[in-house]
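The block underneath contains the structure these notes are about, expressed in structure tokens.
The values are calculated or read from the model by the stated rules, or taken from the named source; none is laboratory data. Please read these numbers as outputs of a predicted model, since none were measured by experiment. When we count neighbours, we look across all protein chains shown, and the Cβ atoms used for this are built from the backbone with ideal geometry, even at glycine.
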Amino acid sequence: MSNTGQSCNAPTRMLVPAARKDDAYSIAKDAAARVIAGDPKKDDTTIGPLVSDVQYEKVQNLIQKGIDEGAELLIGGTGKPNGLEKGYYAKPTVFGNVQNDMAISKEEIFGPVLSMLTYENIDDAVAIANDTEYGLAAYVSGEDKETLTSIARRLRAGQIHVNYGSGGADAPFGGYKQSGNGREKAEWGLEEFLEVKAIMGA
């Protein structure tokens, strides 16, 4: 929900163990209910409006697609939050029972929308996570460091945040697949500004 979901590396799909689905849905719904959309100048506001009418309509259309394709709307939905008739405000929205072929799982929404998918085991989770055209960032959470590192190595994304860790300016930033080529930050970012000359033969 940070930046009204308009961050390029926002974790918009959440994979949870199928056996703990109900608990995860309840926690996510409660967390979204505490997100307050409103005037960014007010102290109690959590998220502001979307950037434009075009983006607002895109987010609304994808939320409606999620409903139409059969995802379970846990909280939020289409339209503007109560009391916010002016401006490009969207309701903090959480979907459960999302399938990975649904539009809300496949497309980059760039709005305050979370799509929750379930998995049966680690191999299943990795396959679902990698089944996307994009690969800028991924997030892995848990308690066993060895297991988390093993999972992180299998994910096809340019940045893997383990337990929401941040690498700061020393970690390269950039994506795999349709999330682009090249890197920012650290020595990898500096290399983008260099010209390499090859001299062949003698």
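Here are a few things to note about the model shown:
- Residue check, I160 surrounded by 15 or more Cβ atoms within 10 Å (Cβ to Cβ), part of a helix (DSSP H, G or I), under 15 Å from the mean Cα position of the chain (by Cα) and not assigned by TED's automatic domain parsing to the domain that holds S105: no
- The residues of segment 147-168 that are of a type outside the set (G, A, S) and farther than 20 Å from D131 by Cα, listed by number, are T147, N163, Y164.
- Scanning segment 172-202 for residues that are aromatic (F, W, Y) and in contact with a strand residue (DSSP E or B) (Cβ under 9 Å, 6 or more places away or on another chain), we see that the one that is surrounded by the fewest Cβ atoms within 10 Å (Cβ to Cβ) is W188.
- Segment 169-193 residues that are over 21 Å from E133 (Cβ atoms) and touching a residue at least 60 places away in the same chain (Cβ under 8 Å), paired with ones that are of a type in the set (S, T, Y) and in a strand (DSSP E or B) (beta carbon under 6 Å, 6 or more apart): none
- Taken over segment 6-54, the residue count meeting the criterion of being charged (D, E, K, R) and touching a helix residue (DSSP H, G or I) at 6+ places or on another chain (Cβ under 8 Å) is 1.
- Some residue of segment 189-198 being closer than 30 Å to Y119 by Cα and assigned to a loop (DSSP other than H, G, I, E, B): no
- Helices (runs of 4 or more DSSP H) contained entirely in segment 1-107, each with at least 3 residues that are on the phi > 0 side of the Ramachandran plot and touching a residue at least 24 places away in the same chain (Cβ under 8 Å): none
- Hey, S115 among the polar types (S, T, N, Q) and within 12 Å of the chain's Cα centre (by Cα) or not: yes
- Residue among A33, A24, A18 that is within 21 Å of M102 (Cβ to Cβ) and either touching a Pro at 6+ places or on another chain (Cβ under 9 Å) or among the acidic types (D, E) (or both): A24
- Residue within segment 30-47 that is acidic (D, E), touching a Ser or Thr at 6+ places or on another chain (Cβ under 7 Å) and surrounded by fewer than 18 Cβ atoms within 10 Å (Cβ to Cβ) present: yes
- Test: residue in segment 149-157 that is crowded, with 17+ Cβ neighbours inside 10 Å, in contact with a Ser or Thr (Cβ under 7 Å, 6 or more places away or on another chain) and either among the polar types (S, T, N, Q) or at pLDDT 95 or above (or both): no
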